[in-house]
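The values are calculated or read from the model by the stated rules, or taken from the named source; none is laboratory data. Everything numeric in this text was worked out from a predicted model, so none of it was measured. Every residue, glycine among them, receives a Cβ derived from its backbone with ideal geometry; neighbour counts consider all protein chains shown. Heads up: the accessible areas ignore ligands, DNA and RNA and are worked out on the full protein's heavy atoms, side chains in. Shrake-Rupley method; radii C 1.70, N 1.55, O 1.52, S 1.80 Å.
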Amino acid sequence: MSPFVESVVAAVRGVVGQGPVALHEPAFQGNEWAYVKECLDTGWVSSVGKFVDRFEHDLASYTGAGYAVAVVNGTAALQVALTVSGVRAGDEVLVPAMSFVATANAVWHAGAQPHFVDSDENTLGMSMPALEAHLDEVVEMREGKAFNRHTGRRLAAVVPMHTFGHPVDLSSLAAIADRYGLAVVEDAAESLGSYFDGRHTGTFGRCGVLSFNGNKIITTGGGGAILTDDAELARRAKHLTTTAKAPHRWSFSHDEIAFNYRLPNLNAALGCAQLEQVGAFLAGKRRLAERYETAFADLSGVTFVKERAGTQANYWLQTLLLDVDHAVYRDDLLAALNDAGFMSRPVWDLLSGLPPYRESPAAALSVAQSLAERIVNIPSSPGLADG
Ligand SMILES: Cc1ncc(COP(=O)(O)O)c(C=O)c1O
């Protein structure tokens, strides 16, 4: 093992103790049992119930969004958020090439084509200067709408994603989106508890989405939510995700082809209990980040990724970034960390290189390509901070 790899493994061990240690584990230490038991005791386990309403209310008040619509997962949330924000079949939607596959899949499920954009070395999210330069080159404006001059398709929306909980530059994005008439739909799946300029991520665009998958800051087992300040978009999102059923005490009438994307009451019960503890989860993650930051401060060849000025990160996945000349060590490092029982992983393969998206339009992606070779996520569970 090279001295560099050895020193990184030792630094992780110094923070988290002996392995095995998971990448990110859920913690159920609050009212989870009581709320789930209440669903079982009352029979309200399925598509409606008081915990669904309460979870939507609690999410809106926690994030500051006008409305929250709870759905079955983050991917479905993003698909419907895009649709209600105006994305139509045959459109293109700008997304970061460096993201989880769901970001592109949701665009596809909404009937549109993902169009990949480069990343920013500092935020790890979409690069705003690269986005602007790319749009200047490919866009032809017609009656206030942006069209891709190469494919002829309308560019309808842009999806910023806050990688591992680090917010992108949402104020520059707002100016660019305004100039090109693009709807902003935030993929805030990873950024519950992250803020840009004091405002919660997911509340800047026309819509934003959250995920409550098992590995997220809070979990409902599986689940997601659409956030919006627009009452009509919220009403439409709720309608489309609940089979477009016309409200009536007994009749079953549906006014369009829609989806069964409802979050069951059972899952929402878990979500209510988890959201009560979100402050403690975030505080644990911040303490863990501080300990990693100290452990890696004097190590050359690698940087612990810290939150940027003007932002508050939730530190969902704790992240190491290897220097360019240390990228060669990445696979040895992943092997050594995992062998030592410290579950660690690289960032996702770039979406633009995946078989289903190889033909999709893309900007130059040199920064994303470099980042994809240098990122390593290390154990991130909030409880590790005090272990
Ligand atoms: C960036 C990003 N977008 C979307 C999703 C999709 O969420 P879900 O797994 O709840 O469908 C996830 C996580 O799983 C994600 O990390």
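Some values worked out for this structure:
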quantity	calculated
Among 373-383, 261-271, the order from most to least packed when residues are scored by Cβ within 10 Å on average	261-271, 373-383
Estimated FRET transfer efficiency when R0 is 45 angstrom, pair Glu290-Ser251 (beta carbons, to 0.05)	0.20
Exposure rank, largest accessible area first [His57, His134; 1.4 Å]	His57, His134
Net charge contributed by nearby residues that have their C-beta within less than 13 Å of Ala309 (K/R +1, D/E -1)	-1
Reciprocal of mean inverse Cα separation for segment 102-253 (Kirkwood radius, Å)	16.9 Å
Heavy-atom accessible area per residue - the chain, 1.4 Å, Å²	42 Å²
Charge dipole of segment 32-276 about the Cα centre (unit charges at C-beta), most positive-ward option of Gly198, Ala97, Gly271	Gly271
Sum of side-chain charges, Lys238 neighbourhood, beta-carbon under 13 Å (Lys, Arg +1; Asp, Glu -1)	0
Förster-model FRET efficiency, 30 Å R0, Phe28 and Asn338, C-beta, rounded to 0.05	0.70
Farthest positive-ward along the chain dipole, Cα basis, beta-carbon charges - from Phe4, Ala157, Gly86	Gly86
Cα-based Lys proximity count in the chain, under 18 Å, for pairs eight or more positions apart or on separate chains	4
Residue among Ser172, Phe296, Gln29 farthest towards the positive dipole end of the chain, charges placed on Cβ	Gln29
Residue-span extension gain [Asp178 to Lys145] - 0.36 nm each, minus C-alpha spacing	10.8 nm
Compactness of the chain as Cα Rg over 2.2 N^0.38 Å, two decimals	1.00
Cα centroid separation, segment 345-387 to segment 47-122 (Å)	19 Å
Contour minus Cα-Cα distance for Trp348 and Asp53 (0.36 nm per residue)	102.8 nm
